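Below is one structure, written out as structure tokens; comments come after it.
The values are calculated or read from the model by the stated rules, or taken from the named source; none is laboratory data. Just so it is clear, the structure is predicted and the values come from calculations on it, not from any experiment. Don't worry about glycine lacking a Cβ; one is built from the backbone with ideal geometry, like all the others, and counts go over all protein chains shown. SASA here: full protein model, heavy atoms, side chains in, ligands and nucleic acids out. Shrake-Rupley method; radii C 1.70, N 1.55, O 1.52, S 1.80 Å.
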Amino acid sequence: ADPVSGALTIALRTPDGLTYPEEAHFYTCDQDLYQFEGEFHHDAELRFHAGDYVYRPPGTVYGNSIGSEGGIIIAFLNAKPVRYHFQDHPEPWDGEYLVDRLWNVRPVQPLHIPTHHLDWVDSDLHPMIHVKKLRGDPGKVSQHYGSCEHSPWGADSAFIMRIQEGYTGEILLWDDMILEAFVVDGSADIAGVRCERGSYTFGHLKGRCEVSTDLILYVRAFAESYVNKILKQDI
């Protein structure tokens with residue numbers, strides 16, 4: 001959690017058989033969600049399964065029927081999650097799971113991406129490192145997705161990264177990017193630390209990397225200049 005902006009990252013376990021007649025609502029900050037295990041639905045329209053990625057810009061309305069068959073969601077709330085209900089909206093709203101422009105100042109829409117259906121592509125880092133692009137361009141500053149007034153901890157990009165089994169050497173990533181990474185599968189030793197399913201890190205991934213089995217990471221990347229600016233404000 002960030003003590004100033006209120007942004008936080010959480011792992012949320014939902015029990016099997018959960019049902020909750022939620023009212024439609026929205027938040028004033030960006031949200032990134034990765035369904036790590038199981039199944040969960042936040043409204044009557046969409047069900048999320050293991051491997052699904054969800055991005056909601058501020059003002060995304062959802063949540064008129066919540067339920068679960070059991071699962072774990074990794075949730076990234078990029079500012080204090082101030083919540084409003086549908087009836088709090090000051091103007092007529094005509095849509096399901098759409099963005100309210102009163103709250104979202106950027107030209108972006110909600111995303112729901114089942115990552116298992118995406119192809120691995122070259123990362124330009126190393127022949128044994130591949131990515132599945134979710135939003136933004138890995139390693140580059142985004143004009144639309146990064147830090148903003150609504151979401152100071154908004155990441156420039158989100159992606160799935162695979163470092164293949166047998167990779168040995170210095171880990172090759174972007175020097176000007178801070179990474180928030182969660183291990184989805186596989187195992188490796190990075191800078192003397194064992195990384196395996198469920199491991200989490202925030203910062204620069206540096207040091208010698210020895211991959212035992214294909215290391216699959218869910219990653220959010222932040223421009224280092226933005227992160228340093230935020231940290232100075234926090235101090």
Over the stretch 109-146, the set of residues part of a loop (DSSP other than H, G, I, E, B), without any contact (Cβ under 8 Å) to a residue 60 or more places away in the chain, open to solvent by 60 Å² or more (accessible area, probe 1.4 Å) and within 23 Å of Trp174 (Cα to Cα) is Asp119, Trp120, Asp124, Pro127, Lys140, Gln143, His144
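Can you find a residue that is touching a helix residue (DSSP H, G or I) at 6+ places or on another chain (Cβ under 9 Å) and among the β-branched types (Val, Ile, Thr) anywhere in the stretch 110-127?
no
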Per the list (1) open to solvent by less than 10 Å² (accessible area, probe 1.4 Å); (2) part of a strand (DSSP E or B), residue check on Ala155 breaks on (2)
Sole miss for Gly169 among (1) assigned to a loop (DSSP other than H, G, I, E, B); (2) surrounded by fewer than 17 Cβ atoms within 10 Å (Cβ to Cβ); (3) small (Gly, Ala, Ser) is condition (1)
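What about Val183, is it part of a loop (DSSP other than H, G, I, E, B), open to solvent by less than 40 Å² (accessible area, probe 1.4 Å) and either within 29 Å of Gly198 (Cα to Cα) or in contact (Cβ under 8 Å) with a residue 12 or more places away in the chain (or both)?
Here the answer is no, as Val183 does not meet what is asked.
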Filter result for Leu77 (open to solvent by 10 Å² or more (accessible area, probe 1.4 Å) and at pLDDT below 85)
no
The condition of being under 19 Å from the mean Cα position of the chain (by Cα), assigned to a loop (DSSP other than H, G, I, E, B), touching a residue at least 40 places away in the same chain (Cβ under 8 Å) and closer than 18 Å to Gln31 by Cβ holds, among Arg101, Arg106, only for Arg106
Of the listed residues (Val99, Val121, Val131), the one being modelled with pLDDT of 90 or more and in contact with a Pro (Cβ under 7 Å, 6 or more places away or on another chain) is Val131
Checked the stretch 186-200 for anything in a strand (DSSP E or B), buried (at least 16 other Cβ atoms within 10 Å of the Cβ) and hydroxyl-bearing (Ser, Thr, Tyr); matches are Ser187
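Could you check the stretch 1-60 for strands (runs of 3 or more DSSP E) lying wholly inside it with 2 or more residues that are touching a Lys or Arg at 6+ places or on another chain (Cβ under 8 Å) and of a type in the set (Phe, Trp, Tyr)?
On the way: elements: 8-20, 25-27, 31-41, 47-49, 52-56.
It comes to 25-27.
Given the structure, is Glu224 without any contact (Cβ under 8 Å) to a residue 40 or more places away in the chain, open to solvent by 40 Å² or more (accessible area, probe 1.4 Å) and either closer than 22 Å to Tyr55 by Cα or not aromatic (Phe, Trp, Tyr) (or both)?
no
Only one residue in His126, His116 is at pLDDT below 95 and either hydrophobic (A, V, I, L, M, F, W, C) or within 19 Å of Phe36 (Cα to Cα) (or both). Which one?
Every option except His116 fails the conditions.
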query: Given the structure, is Tyr55 under 25 Å from Cys148 (Cα atoms), of a type in the set (Ser, Thr, Tyr) and open to solvent by 10 Å² or more (accessible area, probe 1.4 Å)?
result: no
Scanning the stretch 198-235 residue by residue, those within 18 Å of the chain's Cα centre (by Cα), of a type in the set (Val, Ile, Thr) and either under 17 Å from Val131 (Cβ atoms) or at pLDDT below 75 (or both) turn out to be Ile216, Val219, Val227
